[in-house]
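Worksheet: the structure to be examined is printed underneath.
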C-alpha cells in the first residue's frame, strides 16, 4: 500500500523525534537552567542571626558548627524550614592565631582520636546531609587526614563540599577517589562585609554560573550578608538561574559536563 507525501512526512517527523529522545542531543534540549548553591557557614553561635539565615528564601544550605550554643536548635529550625543542613567542621589552619572551636580536626591527631572527634561532631548536629570545612587551609592539604575523613563520610552516605581555603587542597580529589560525592566552593560572598563588596562578589557568582552552568557560593550570617541575600535570592529565577541545595547540585549532571548547559557568556 502506497503512502501519501503527508504520511511520509509524518512518519519522518516521528522517526526524528524517537531518535532524538534516545540520544544525548535530546537530553541537551531538556538541560536544566544554570544552577547555584548558596551555603551559609558559621551558624550556631548567634541565635538571632542564625534564625535570619535559616529563614532566607529558597533552598539555602545551612552549615552548622558543632557544639555551638544554638547549633542543634538552629539545625532543627533549618530542617523545618526546608533547608538542607551540613556540618561545618573546624579544621586546622596555617593561621595559628585563629581559634578553631570545639570539635576541631588537627593534623597532630592519631587516626582513632581523629575519627572519634569527627563522629562525635556529626552527632552534635541533627539532620546532617553532608559536611564542609571551617578554615582547614593546613589540614586539607594532607591526604592522610582527608582519607580518614572521607572513609567516615562514605560509611554514613554523606557528601563533602570543599570550602577551598587552600589552593593546594586535596580534599575533593581524595573524596572522589574514595567514592564520596564532592564539589568545591567557587565564590566567597563576604570576605569584605560591606554591601558594595558583597554585591561585587555576588555579580562574580552570576558570571561564574553563566560561564560554567553551575556555581557554589559561601557566605556567613553577617547582618549585611543576610540583608543582601534576602533581596537578591528571589531575583535569581528572573535571571534564569535556579537556587538548589548542595546535595541536589552534587546529584545533578557530572560537573565536567555542566558547561554544555551554560550560555556563551564570557567572564570578565
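The table below lists the values:
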{"read-out": "Of all residues in segment 237-268 being part of a helix (DSSP H, G or I) and modelled with pLDDT under 90, the one that is surrounded by the most Cβ atoms within 10 Å (Cβ to Cβ)", "value": "258"}
{"read-out": "Members of segment 123-145 that are assigned to a helix (DSSP H, G or I) and within 18 Å of the chain's Cα centre (by Cα)", "value": "140"}
{"read-out": "Segment 136-159, subset surrounded by fewer than 23 Cβ atoms within 10 Å (Cβ to Cβ) and in contact (Cβ under 8 Å) with a residue 40 or more places away in the chain, residue farthest from residue 74 (Cα to Cα)", "value": "138"}
{"read-out": "Which numbered condition residue 190 misses (of (1) more than 14 Å from residue 39 (Cα to Cα); (2) touching a residue at least 24 places away in the same chain (Cβ under 8 Å))", "value": "(1)"}
{"read-out": "Considering residues of segment 38-61 that are under 16 Å from the mean Cα position of the chain (by Cα) and closer than 19 Å to residue 136 by Cβ only, the residue surrounded by the fewest Cβ atoms within 10 Å (Cβ to Cβ)", "value": "42"}
{"read-out": "Single residue of segment 77-99 satisfying the filter (without any contact (Cβ under 8 Å) to a residue 40 or more places away in the chain and surrounded by fewer than 17 Cβ atoms within 10 Å (Cβ to Cβ)) that is farthest from residue 181 (Cα to Cα)", "value": "97"}
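The values are calculated or read from the model by the stated rules, or taken from the named source; none is laboratory data. The model shown is predicted, which means the values in this text are computed figures rather than measured ones. Backbone-built Cβ (ideal geometry, glycine too); neighbour counts: all protein chains shown.
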